[in-house]
Structures are given as C-alpha cells and as structure tokens.
Amino acid sequence: MNDPKKRLLGMTLPELKAMAVELGMPAFTGGQMAQWLYGKRVADIDEMTNLSKQNRERLKAVCEVGRMDPVDCQRSADGTIKYLFPVETSSPTTHHPSAKVETVFIPDGDRATLCVSCQVGCKMNCLFCQTGKQGFEGHLTAADILNQIFALPEAEQLTNIVFMGQGEPLDNLDAVLKAIEILTADWGWAWSPRRITVSTVGIRGKLQRLLDECDCHIAVSLHAPSHELRSELMPAERAMPIAETIELLRGYDFAHQRRLSFEYIVFEGVNDTLAHARAIVKLLQGLDCRINLIRFHQIPDVPLRGTDDATMLRLRDYLTQHGCFTTIRASRGEDIQAACGMLITKSEK
C-alpha cells in the first residue's frame with residue numbers, strides 16, 4: 001500500500017527547504033514553495049508555476065498542498081458563519097481519520113475575526129463549556145490549524161485571528177506556536193502578531209513559553225476571582241491557581257503594543273455581585289489589562305444561568321470606575337451554536 005502523501009501546508013521554511021533538497025531540488029525552491037503556500041494560498045502543486053514541470057512532478061509524487069475545504073457551514077442571522085472542517089490528526093495513542101472541528105467567522109464592520117480550534121474536544125472540562133463536555137479526542141497539527149484559515153472562503157477578508165475555538169491552546173502548544181510562526185513570518189503569511197490573540201486557562205510551565213516565544217495578545221480565562229470558586233468552575237485552577245498566573249503575568253510588559261485581557265463569563269448568582277467585582281479589582285490591581293464580560297449561553301445539563309443586562313452593566317461600570325477597563329462582549333452566532341462555549345463536534349451532537 002502506498003504511503004500517504006506529506007502535507008506541505010504547515011511546514012516551516014527550513015522544513016520546505018529540507019524537502020526540496022531531499023527531492024533533488026535547490027534549497028531555494030523551498031522558499032518558492034513557501035511563497036505559493038502562504039503568500040498566494042494555492043491549493044495545488046501545479047499552481048506553483050515558477051517551479052519547473054519536472055520539479056512539480058517530483059513534489060507531487062510524495063507531497064500535496066494538504067488543503068481541505070469545509071464540509072459544512074451554518075449561517076447566523078447576525079452574519080456569523082460556522083464552518084465544519086475535517087482534520088487528519090489526533091492524540092499520540094489514537095487516530096481519528098474522520099474527526100472534525102468547528103471554526104467561526106465573525107464579520108463586524110471593517111473587522112473580520114476568525115475563531116480557530118486547536119484540538120478535537122478539550123481536556124480542561126470547564127463546567128460552562130460544551131467543548132469540555134465532548135471530552136478530549138485529539139490534538140490538531142499545525143497543518144490542521146492553518147487549514148481553518150487558508151481554506152476559509154473569506155480568508156482574504158480576515159483582520160484578526162483568535163485561538164478561542166475548541167481546545168486549550170497551551171495543551172497543544174508546539175502546534176499552536178508553529179502555526180503562529182507561519183502566520184507571522186516574513187516567508188509565511190507575514191501578519192503582525194498583534195492581529196492574533198491566544199486564549200488560555202493557564203497551564204504551569206507552558207504559559208511562560210507562550211509569553212516568551214511569541215508576541216501575540218494574551219487572553220486569560222478568568223471567570224472567578226477566587227481559588228475556591230474558580231476551582232468549581234474550572235478544574236485547571238487546581239493545577240495552576242489564578243494568583244500564580246497573575247504573578248507570572250506581572251513580569252511582562254503589556255503597557256505598549258501587546259495586550260492582555262481577561263475573559264469573564266457572567267453567571268447569575270454565582271460570580272455576578274459587586275463583592276466579586278471588588279475581588280477582581282484587588283486581584284488585577286496594577287496590571288495593565290482589560291476585562292471582557294461575556295454573556296453565558298445555555299448548554300445542556302448545566303445548571304448555570306446567564307445574568308441580566310442590568311447586572312452586566314453594573315459590573316462593567318464598577319470595574320471601569322475602579323481602574324479595570326471593561327467591555328461587554330457582543331454575543332454572536334448563538335442561533336447556530338457558534339457563540340462562546342457552544343462549539344462541539346461529537347457525532348451525536
């Protein structure tokens with residue numbers, strides 16, 4: 001049986017040069033491939049017209065671009081589009097050739113944001129997140145992460161990318177960093193890292209790597225200002241308490257171009273009082289950051305409820321007045337289950 005072809009999508013410039021040399025081509029051919037893959041977003045090796053026909057045939061014998069189009073899409077009344085992408089990869093112990101992930105395209109005036117996934121399911125099992133209820137089914141490769149961007153019909157419209165889809169980015173950090181390298185390198189898509197935000201619950205040892213190895217914006221999932229309450233909502237708190245996360249963040253500069261934000265889903269009667277707001281102010285005191293209040297979107301078999309508009313406004317105003325610049329994030333795509341915490345790709349969905 002023939003070996004599967006290697007995907008060029010997701011290879012770095014050194015990897016593309018090594019592939020070229022392995023196939024008997026000059027190393028600079030790898031740079032040409034990078035330009036076609038990431039600068040011009042070709043879907044087929046035959047489109048790489050400044051490679052000789054002989055070299056294209058050599059490449060096609062063992063490689064393919066590896067782009068995979070979405071297999072489904074749903075459109076929200078508010079313009080949000082949710083795509084379903086096939087993925088090839090998985091965890092080190094299992095392989096899911098038919099696995100899929102959801103990706104959300106959010107147009108908003110002159111901005112267009114893509115919410116990308118980095119895992120099939122998630123290990124974090126946050127109480128309020130439907131992806132966590134799916135369980136963990138596998139890591140995405142850099143190719144599978146990038147495919148959500150490069151195979152997106154609206155890719156040319158994108159102004160921002162957020163790693164806020166399915167999965168915890170730090171739990172698949174090598175693939176996430178590799179994808180970000182390709183998106184931001186001069187030989188890649190040449191985007192500014194300031195157009196990319198990585199969201200995380202905070203994982204010991206890996207958050208510092210993310211901070212040191214890329215210049216993207218950071219969004220920390222907060223959701224509760226105390227260790228006890230956050231542990232109830234987010235099991236990851238037990239392994240890396242939010243106080244420890246904050247202490248690490250204090251060692252980095254967020255006063256200039258790089259931005260730090262905290263995501264705070266608001267639950268009625270759980271984390272929505274002024275006492276909670278005062279605790280947030282105390283926790284984040286002196287840290288250059290912003291807070292995004294997020295409406296909770298109901299998911300099955302979870303007893304939590306979203307709070308009312310008046311309470312959201314009261315929290316926003318209190319936090320802002322006490323030195324924590326705070327916004328209420330607009331809810332998008334709830335009618336197609338594309339809003340925050342609603343993504344899931346279990347077959348029994």
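The values are calculated or read from the model by the stated rules, or taken from the named source; none is laboratory data. Only a predicted model underlies this, so the values are computations on that prediction, with no experimental measurement involved. All Cβ positions, even for glycine, are placed from backbone atoms using ideal geometry, and neighbour counts span all protein chains on display.
A compact table of results
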read-out	value
Enumeration of residues in the stretch 136-152 that are over 16 Å from residue 197 (Cβ atoms) and in contact (Cβ under 8 Å) with a residue 60 or more places away in the chain	141, 142, 143, 144, 146, 147, 150, 151, 152
Residue that is farthest from residue 152 (Cα to Cα) [pool: residues in the stretch 60-84 that are assigned to a loop (DSSP other than H, G, I, E, B) and of a type in the set (A, V, I, L, M, F, W, C)]	77
Subset tally (residues that are part of a loop (DSSP other than H, G, I, E, B), touching a helix residue (DSSP H, G or I) at 6+ places or on another chain (Cβ under 7 Å) and aliphatic (A, V, I, L, M)) for the stretch 12-53	6
Among the candidates 120, 162, residue that is in contact (Cβ under 8 Å) with a residue 60 or more places away in the chain and assigned to a strand (DSSP E or B)	120
Of all residues in the stretch 5-44 being of a type outside the set (A, V, I, L, M, F, W, C) and either in the same structural domain as residue 88 (by TED's automatic domain parsing) or within 14 Å of residue 143 (Cα to Cα) (or both), the one that is farthest from the chain's Cα centre (by Cα)	5
Flag if residue 222 is hydrophobic (A, V, I, L, M, F, W, C), surrounded by fewer than 16 Cβ atoms within 10 Å (Cβ to Cβ) and farther than 23 Å from residue 191 by Cα	no
Flag for residue 348 being part of a strand (DSSP E or B) and either under 30 Å from residue 72 (Cα atoms) or at pLDDT below 95 (or both)	no
Candidates 323, 333, 306, 251, filtered to the one that is of a type in the set (Gly, Ala, Ser), in contact (Cβ under 8 Å) with a residue 40 or more places away in the chain and within 21 Å of residue 198 (Cα to Cα)	333
Verdict on residue 180 being in contact with a strand residue (DSSP E or B) (Cβ under 8 Å, 6 or more places away or on another chain), in the same structural domain as residue 278 (by TED's automatic domain parsing) and part of a strand (DSSP E or B)	no
Single match in 171, 212, 253 (criterion: out of contact with any strand residue (DSSP E or B) (no Cβ under 6 Å at 6 or more places or on another chain), farther than 28 Å from residue 333 by Cβ and in a helix (DSSP H, G or I))	212
